[in-house]
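Reading through the structure tokens given below for one structure.
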Amino acid sequence: MSHSVHDQPCRGDSPAVLHITHNLGGGVEKYIKELNELISDNATVLVLTPTAAKNLHHVSVRTESGRHQFYLHRQRNWQKLLEILYRCEISRIHYHHLLGLDERVWLLGKYLNIPYDVTLHDYFFVCPQIHLSKRFRRYCGELGEEQCVSCLESGSPVGKVDIHSWRKRSAEFLLQAERIFAPSKDTVERFLRYFPNINPIITEHPDVLCIDKNRPVVPRMLGSNENLRIVCIGLTSRLKGLELVNACGVLARHHGMPLEFHVLGKPYGRIVREPQSALRVHGFYNDSELKDFLENIQPHIAWFPSLCPETYSYALSGALSAGLPVVCSDLGSFPERISDREWSWIVPWESSPQDMIEFFIQLRKVNFLTGLPPALYQIDEGIRTYSRFRYDEHYLLPRKRKKSQSSDSFFRLNDSDYKYTRPSLAYRISRLILFLRFLLVSIAHRF
């Protein structure tokens, strides 16, 4: 169906919020979805993302009249993009990620003369390696600018960049934001090392409204001859600890240890599976399927072996909601999220496979066979001091939009120029091939 921007699908008395993000899904996509569920009755929501075809931007507008979509060429249709956004009378931009987007998107707030918010989902603004990792393998340790220069010599997801210029632009961008949201105190502390003048709002993601933090943890009974079943939720990459879990599975099987490792997610990389390993991969899952997967696996404990500082972790939220005992690395937001929680452990993030095998054998013997809970893991109370901000009560603000002084120069095109732009046949075929590959891999993991 073709839409002209002069149909004004966004017009109305309600505010219009433009989310800007990457097209990689994951926790960022989940956060936006949850946030939109909270505000959709009182706001019009637009989402701007890059596409697999690197020369296109995708704009999605969801209103009472349906979903409107526009595919716009980055160079040829930049003014068209500005007019679509202007005519939708956007009252606020919410930046989530800028990976894969045209550099001018960083300046959309200035182009449209409207305020913007930023959520710190990862460390993209600090480092173009995104996760504070050494070439995508593990946490770099943040040892100084010389380390950053050396690391970036071989490139990054945004190409070769100068770290000083990168952080200067990030600082300017963040300082002009009206609100910056950070889901953990650890995230804020790391950002303040590089941008000491920002003032983020520390508030957990919207899913916290659905998590019963006071739910008692009831560990699953373990028979004397039964394996300790360890589930790793959302384990997909090296940075999530995939290689560590893989090595633990091989060690456990080789030495006949009473341990089983279960991976929920679609791993990227070589995995040794049963019968050569005590590791079973259950493949991709939707959030709605997590409960059923856990019922099938019957895990005793959930393990989060991340090798980089995570700002939040929706996978951990899933384990907390299920009331599972958890083991987390001592990096990122994990310690503050499980502080004072029963049946929860923190382990050094640099633990070796042998260290973790010995740790789980000890847990099995001391805690799960006896039913004896461990001592509570606790951190300084000040570290867990969060803002009183709530997304369901405080996110939407009255309009502050002013008429752009330069708007006339944006809109000197004919109505016929603003038609819905259908993606090319080659682009649609490439997306179909990617989908079929993904489907085949998911089916293979299931069996």
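The values are calculated or read from the model by the stated rules, or taken from the named source; none is laboratory data. Since this is a predicted model, take the numbers as computed values, not measurements. Areas reflect the complete protein model, heavy atoms only, side chains present, ligands, DNA and RNA absent. Shrake-Rupley method; radii C 1.70, N 1.55, O 1.52, S 1.80 Å.
Here is how the numbers come out for the structure above:
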item: Cα shape, the range 52-206, gyration tensor, a/c 1.5 rule; result: prolate
item: Gyration tensor verdict on the range 130-242 (Cα atoms; rounded if a/c is under 1.5, prolate if a/b is larger than b/c, oblate otherwise); result: oblate
item: For THR21, solvent-accessible area (1.4 Å; no DNA, RNA or ligand), Å²; result: 10 Å²
item: Relative contact order %, the range 113-184, counting alpha carbon pairs below 8 Å whose residues are six or more apart; result: 45 percent
item: Whether the range 254-305 is rounded, prolate or oblate, judged on the alpha carbon gyration tensor where a/c under 1.5 counts as rounded; result: oblate
item: LYS365 - accessible surface, heavy atoms, 1.4 Å probe, Å² rounded to 10; result: 140 Å²
item: Accessible area of HIS96 in the full protein assembly, 1.4 Å probe (Å², nearest 10); result: 0 Å²
item: Cα-Cα over 32 Å, subset of LYS134/LYS291; LYS134/LYS266; LYS160/LYS266; result: LYS134/LYS291
